[in-house]
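Following: one structure in structure tokens, then a few remarks.
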Amino acid sequence: MAEQEKKRLIVFLLCFFLGGLGVHRFYVGKIGTGIVWLLTGGVFGIGWLVDVIMILTGSFKDKQGNTLGEW
């Protein structure tokens, strides 16, 4: 069974509200960087901002390198 495509809206909301904890990265399967985000407060806010911009522009990818689904 193929993994279900992750919705960009869900990832954006997780990132916007809980991005400093890395919840959006855990959701897309990026466990390693999710732990880094959790321990560093979203890499001191800079990584969080980069992730928000990448999600909005559609260039944020999941663990397998797939782009996120539509809004």
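The values are calculated or read from the model by the stated rules, or taken from the named source; none is laboratory data. All of these numbers come straight from a predicted model, not from anything done at the bench. Please note: Cβ atoms are built from the backbone with ideal geometry, for glycine as well, and neighbour counts cover all protein chains shown. Surface accessibility is based on the protein's heavy atoms, side chains included, excluding ligands, DNA and RNA. Shrake-Rupley method; radii C 1.70, N 1.55, O 1.52, S 1.80 Å.
Annotation: GLY34 fulfils all but one of (1) open to solvent by 80 Å² or more (accessible area, probe 1.4 Å); (2) modelled with pLDDT of 95 or more; the unmet one is (1).
In this structure, is GLY20 farther than 15 Å from TRP71 by Cα and not in a helix (DSSP H, G or I)? Considered against the rule, which asks whether it is farther than 15 Å from TRP71 by Cα and not in a helix (DSSP H, G or I), GLY20 comes out as no.
Applying a threshold of 7 Å to beta carbon distances and a minimum spacing of six or more residues, or different chains, the list of pairs starting in the stretch 49-71 at a residue that is at pLDDT below 95 and ending at one that is loosely packed, with under 14 Cβ neighbours inside 10 Å and aliphatic (A, V, I, L, M) reads TRP71/LEU9. Residues that are in a loop (DSSP other than H, G, I, E, B) and either at negative phi or touching a Cys at 6+ places or on another chain (Cβ under 8 Å) (or both) are absent from the stretch 35-58 altogether. Are any of the residues in the stretch 9-28 among the β-branched types (Val, Ile, Thr) and loosely packed, with under 12 Cβ neighbours inside 10 Å? For the stretch 9-28, residues among the β-branched types (Val, Ile, Thr) and loosely packed, with under 12 Cβ neighbours inside 10 Å: absent. In the stretch 14-48, which residues are without any contact (Cβ under 8 Å) to a residue 12 or more places away in the chain, touching a helix residue (DSSP H, G or I) at 6+ places or on another chain (Cβ under 8 Å) and not hydrophobic (A, V, I, L, M, F, W, C)? The answer is THR33, THR40, GLY47.
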